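These notes concern the structure reproduced below.
The values are calculated or read from the model by the stated rules, or taken from the named source; none is laboratory data. All values derive from a computational prediction rather than experimental measurement. Cβ placement follows ideal geometry from the backbone for every residue including glycine, while neighbour counts extend to all protein chains displayed.
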Amino acid sequence: MTRTSIEVVLYQPKSNAAVDAILQSQGLSGTPQQDQDFRDRAAAFINSHYELYGRKVHFDLFQGQCEFAPPDIPCLRNEVDAAVAQYHPFAASWFSIVGEVYDELSRKGVVSLGGLTNAFDVAHRPYLYSVLMGQDEQATLATEYWCKKLANLPARFAGDPLLQRLPRKVAIVADDLDTLRPALDQLQEGIRRCDRNGAQMALYSLDTSTAVSQSTTLMAKLKGSNVTTILWAGDPIFPVFGTHAATSQAYFPENVMEGGGLMDIDVIARAYDAQQWQHAFGISDLPAFQPFDHQDGGRVYRAAGGSGNVPLSAIFWPFYGLFACSFQEAGPTLTPLTFERATLTSPSYGGWRATHDPHLPYLHFAPGKYTWISDARDVYWSAPNLPPGV
């Protein structure tokens, strides 16, 4: 950062063939030119609509070259060092499931949006914040949901009539990551306290090269154990493999969404096995989907002179907008501590209670709370009710 500029690094992970194929099959891909177009227009909008005290914000794309599924931790840590040395950023948007990445960003004094749990963010203050709900907060909500609605009752939403008659027996299916394990343990213990059958843990390695074999083995194990209900608490990609593996084995349990990990995105769920996802329900901390033109990112793109189709990358406007608001409210002296004060004291808005609009989640920071999305919806999958083009 200088007297005239605020540098922000936007990290783009290395392409992964399996992940890219799934996203492209659902129309979730854009060209580098489209992404650059949105970055430029987002910067222009911020620089003309926010008070930055003589500075201009500039967004720098850093293209990652390290494997993330499975994660190459030394390589990912070195990428942080390379990005900081090249751009000298004040802040970064760096979504990663590797805690060591945020350790390194914080050690370098870079404010970042990403994070994994609120407890992890707090441990890295004043440098780390999350747009999404923390996995520890998600575990609290999911425990309450399970205990109040599902515990000790028959699995009546399963696809198999035999499972429907059994009392629920749940397996938590999630990534085997050290940084997420405390939240998963919290969820398992919470269910154990209210459910006679407790909850078993079924973890998988974040390795797309073995996802087919892992999912086949895991589903066979769950079926053989008479698990009536899968509580999905991991990433949005593994269920593509897991749901197809379950159907291939004629295993039709309940599929309950814990709400985290972005697996509650409507358009990605179209890649899940349709027979399985007829029996999907749970909680989601994401707002109801709406066309890009109706989202804030689309409005910003148009206001900054964009024409034609709104780029897919416009869905990331909340990250840009959060930076802009905190840069403004931090005042002329922008430091990690003034950024922290501005962020944690920012006004809350949205939420069903205030707006009765499912497209506006409740966004709320507070002292000790470094995660933004702060409410959730009760959701279920209903393919016939999808609007045209979704």
Mind counting the residues in segment 175-223 that are under 23 Å from residue 160 (Cα atoms) and among the acidic types (Asp, Glu)?
1
For the subset of segment 254-267 comprising residues that are β-branched (Val, Ile, Thr) and outside any helix (DSSP H, G or I), which member is nearest to residue 356 (Cα to Cα)?
265
Being among the basic types (Lys, Arg) and modelled with pLDDT of 90 or more is the filter; apply it to segment 267-310 and report the residue that is nearest to residue 36 (Cα to Cα).
302
Residues that are of a type outside the set (Asp, Glu) and free of Cβ contacts under 8 Å to residues at least 24 places away in the same chain: does segment 139-148 have at least one?
yes
Can residue 74 be described as under 25 Å from residue 297 (Cα atoms), free of Cβ contacts under 8 Å to residues at least 12 places away in the same chain and not polar (S, T, N, Q)?
no
The lone exception for residue 112 - which of (1) small (Gly, Ala, Ser); (2) surrounded by fewer than 23 Cβ atoms within 10 Å (Cβ to Cβ); (3) under 20 Å from residue 61 (Cα atoms) it fails:
(2)
Please list, ordered by residue number, the helices (runs of 4 or more DSSP H) wholly in segment 268-385 having 3 or more residues that are surrounded by 17 or more Cβ atoms within 10 Å (Cβ to Cβ) and under 23 Å from the mean Cα position of the chain (by Cα).
296-303, 317-329, 336-344
Which condition from (1) under 21 Å from residue 243 (Cβ atoms); (2) touching a residue at least 24 places away in the same chain (Cβ under 8 Å) is the one that residue 195 breaks?
(1)
Has segment 152-168 got at least one residue that is within 30 Å of residue 315 (Cα to Cα) and crowded, with 23+ Cβ neighbours inside 10 Å?
no
Among 271, 250, 220, which is the only one that is touching a Ser or Thr at 6+ places or on another chain (Cβ under 7 Å) and not hydroxyl-bearing (Ser, Thr, Tyr)?
271
